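What follows is a single structure, written as structure tokens, with notes after it.
The values are calculated or read from the model by the stated rules, or taken from the named source; none is laboratory data. Keep in mind the model is a prediction, meaning the values are calculated, not measured. Positions of Cβ are generated from backbone atoms using ideal geometry, with glycine treated the same way; all protein chains shown enter the neighbour counts.
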């Protein structure tokens, strides 16, 4: 990790505090912690985890850049899809994992311009620090709309309208499994003699073993194959079947259909860490200071949702979705040749191009009671690949 930026002394102390807390939890658990629990602590440990502490995460000063941070055109295009779903269900938006609040601002302003403002714009975010930043950003960029925004502490018991989540599923805890000659193992974390972390395996069991056996049979995985399974993503997707009365979830994230996710050329999985715009595969580095993510198995998302009565409304690449939602029309509305147009063109290329975010990122829509075909999937729907 010699090529990564060196954190400040204060940040190093913060990281050491989280590391010590996890070391103590490993000891209390008998010397072994599942990777899903380890990842949960890295990201969400109260006051210490990556998303619950106060470090800046998004944009040029953070660790990575999300689509809304690139250009308002992303939210403006997405708003057209939100408006259609709200018209067919209820004028309510719930954004789960709202980051800096940039997408909320862009969506609200675009919906206002379209004459389709929601009665309520709810935000569900586990981070008190991010909630505060979201509120400040909305109060600064769209103060006249702040009264429509409210923050939730958990999923609503019942919901009608549209749920939107950009880069949420990749940050949900995932288990790591390995298909070995003697069976399927769950990879976990133990401590070495110096108090650092090391990998440690045990035979998988329960729901994780059942999921791994199913995937292994479907994808003909050879011994030595390692990858991730997120039971948390499955549970979250399934939960909406009990809560969504009418409307749709629009989930945007990087990932693949199952047969591509568990392709034999991807035999070491998709685990990736992000620190100061550097990507690397070591989740043990600087606990609490770096993002830890896995790609999304979109087949598991719709399978879990379908089992609780929800429908697949569309699945396609981010690039195709944004084209269907008219992002190029929005770009054409900016005066050609101006610095704003040049910046916007570069951002749109990043969002659309297959070698950038256009193909790796996918959009899946699942819902109930939506009769009209969704705008964002009018062309290039790839639901058959799931």
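Assorted remarks:
- Number of positions in the stretch 359-386 that are in a helix (DSSP H, G or I) and in contact with a strand residue (DSSP E or B) (Cβ under 6 Å, 6 or more places away or on another chain): 2
- Top-ranked residue in the stretch 176-186 [being touching a residue at least 24 places away in the same chain (Cβ under 8 Å) and surrounded by fewer than 19 Cβ atoms within 10 Å (Cβ to Cβ); ranked as farthest from residue 272 (Cα to Cα)]: 181
- Failed condition for residue 190, given (1) part of a loop (DSSP other than H, G, I, E, B); (2) over 26 Å from the mean Cα position of the chain (by Cα): (1)
- Test: residue in the stretch 88-96 that is at pLDDT below 95 and either closer than 26 Å to residue 343 by Cα or part of a loop (DSSP other than H, G, I, E, B) (or both): no
- The residue list 337, 367, 383 contains one member that is at pLDDT 95 or above and surrounded by fewer than 18 Cβ atoms within 10 Å (Cβ to Cβ), which is 383.
- Test set (1) under 30 Å from residue 17 (Cβ atoms); (2) buried (at least 19 other Cβ atoms within 10 Å of the Cβ) - residue 261 fails condition number: (1)
- First in the stretch 267-292 and on the phi > 0 side of the Ramachandran plot, second anywhere and at pLDDT below 90 and not in a strand (DSSP E or B), Cβ under 6 Å, 6 or more apart: 276/5; 276/63
- From the list 155, 43, 117, 48, the lone residue that is assigned to a loop (DSSP other than H, G, I, E, B), under 30 Å from residue 16 (Cα atoms) and in contact with a helix residue (DSSP H, G or I) (Cβ under 7 Å, 6 or more places away or on another chain) is 48.
- Of all residue pairs spaced 6 or more apart or on separate chains, none has beta-carbon atoms under 8 Å together with a first member in the stretch 228-248 that is at positive phi and surrounded by fewer than 18 Cβ atoms within 10 Å (Cβ to Cβ) and a second member that is part of a helix (DSSP H, G or I) and modelled with pLDDT of 95 or more.
- The lone exception for residue 156 - which of (1) surrounded by 13 or more Cβ atoms within 10 Å (Cβ to Cβ); (2) more than 21 Å from residue 369 (Cβ to Cβ) it fails: (2)
- Screening the candidates 37, 80 for the property of being within 26 Å of residue 12 (Cα to Cα) and either crowded, with 20+ Cβ neighbours inside 10 Å or in contact with a strand residue (DSSP E or B) (Cβ under 9 Å, 6 or more places away or on another chain) (or both) yields one hit, 37.
- Some residue of the stretch 301-312 being closer than 22 Å to residue 71 by Cα and at pLDDT 95 or above: no
- Taken over the stretch 1-34, the criterion of being part of a loop (DSSP other than H, G, I, E, B) and surrounded by fewer than 17 Cβ atoms within 10 Å (Cβ to Cβ) is satisfied by 1, 2, 3, 4, 5, 6, 8, 29, 30, 31, 32.
- When the stretch 158-180 is filtered for residues that are part of a loop (DSSP other than H, G, I, E, B) and on the phi < 0 side of the Ramachandran plot, the ones remaining, listed by number, are 158, 168, 172, 173, 174.
- The stretch 126-148: number of residues that are touching a residue at least 24 places away in the same chain (Cβ under 8 Å) and farther than 9 Å from residue 101 by Cβ: 7
- The number of residues in the stretch 197-217 that are touching a helix residue (DSSP H, G or I) at 6+ places or on another chain (Cβ under 8 Å), assigned to a loop (DSSP other than H, G, I, E, B) and surrounded by fewer than 19 Cβ atoms within 10 Å (Cβ to Cβ) comes to 0.
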